[in-house]
Each structure stands twice: as C-alpha cells, then as structure tokens.
1. Ser90 is checked against (1) over 19 Å from the mean Cα position of the chain (by Cα); (2) surrounded by fewer than 17 Cβ atoms within 10 Å (Cβ to Cβ) and fails just one. What number does that condition carry?
2. If you take the residues in the stretch 29-79 that are aromatic (Phe, Trp, Tyr) and under 12 Å from Leu94 (Cβ atoms), which one is least open to solvent (accessible area, probe 1.4 Å)?
3. Could you list, in sequence order, the residues of the stretch 23-46 that are assigned to a loop (DSSP other than H, G, I, E, B) and touching a residue at least 60 places away in the same chain (Cβ under 8 Å)?
4. What is the residue count in the stretch 47-69 for residues that are within 18 Å of Phe121 (Cβ to Cβ) and without any contact (Cβ under 8 Å) to a residue 40 or more places away in the chain?
5. Any residue in the stretch 115-136 that is surrounded by 12 or more Cβ atoms within 10 Å (Cβ to Cβ) and at pLDDT below 85 sitting within a Cβ distance under 6 Å of a residue that is in a strand (DSSP E or B) and hydrophobic (A, V, I, L, M, F, W, C)? List the pairs, counting only those 6 or more apart or interchain.
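The values are calculated or read from the model by the stated rules, or taken from the named source; none is laboratory data. Because the structure is predicted, anything quoted here is derived from the model rather than measured. FYI the Cβ positions are ideal-geometry reconstructions off the backbone, even for glycines, and counts take in every protein chain you see. Note: accessible area is taken over every heavy atom of the protein model, side chains too, but ligands, DNA and RNA are not part of it. Shrake-Rupley method; radii C 1.70, N 1.55, O 1.52, S 1.80 Å.
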Amino acid sequence: MRKLFLFLTVICTLVSCSTFISKETEQKLTLQYEVPVFVMIKDLDIKGKIVLKKGETVKLLLNIKSSQMSDSTIKVYAYKYVNEESLLKSERFLMIYLFDTSFTVTDQSTVEKDSLDGPVFDEKKLDNEIRLYVTEKK
C-alpha cells in the first residue's frame, strides 16, 4: 500500500510539472527565427577571429533547453546561408547563449498576478538580443 501511494505521488508530480518555456512558445520561436533568412548587421567575432562578416546572409538555429529547474538555456547559432541544404554542410557559430535569468520578466507589474507561479519567459528580451546581430533579409 505504501509503495502504491509513493508511486501515485510521483506520477502526479511528473504529470503536473510544466517546463519554463512551453512547447507552443518553443514552436513559435522556431518558426520566427529559423525560417527567415537574416543579414548580419555586425561582425561575429569568436576568439579574435571574424567568423561571420557584416552583410553576410545567414540563417539561425535555436537550441532551447527548458525545465522547471533554474537551468533553462537558449543557444542561438548562426550559419552561412547559400541554399536550403546549407544547414547540412554548415559550420554553425554560437551567436547568443542565454540563461533563464537573462530572459525572464523583471518588471512583474506587466504580468497578471494570477499567472505568476514563478519566472515568466520574456520573448522581447530574446528578440532584442538577436536583433543586436541580425536583421531579416528583404
């Protein structure tokens, strides 16, 4: 009986847990940043070497790791875009690496009090970071 109770408690806890960034938000971000072609608005420098130059056509790749714990991260990679097969042969460069504290809402007055169980993901902060490097190609 005790094992059954423990088992049910664990199952209920796992089912009720939600991640910091929802699957819907993750899919929206993927469509928003991985589909369009971008142009670099400044050089991407890694260890003193310019790997992507201003004016180059690039695409972005997001790697989102989300959990309830405080180890959620978003990595944004950029790679040179030539054609749709570019991703397969590309060398990807880490452009932005954000931790959960970097993309949470700091002004909690803009968030409804009822929906605030913990930190809230702020898409605007992520967008601001990305827009420091690229703009959409027209």
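1. Among (1) over 19 Å from the mean Cα position of the chain (by Cα); (2) surrounded by fewer than 17 Cβ atoms within 10 Å (Cβ to Cβ), Ser90 violates only (2).
2. Tyr79
3. Across the stretch 23-46, the qualifying residues are Pro36, Val37, Ile41, Lys42.
4. Residues in the stretch 47-69 being within 18 Å of Phe121 (Cβ to Cβ) and without any contact (Cβ under 8 Å) to a residue 40 or more places away in the chain: 4 in total.
5. Listed pairs, sorted by first residue: none to list.
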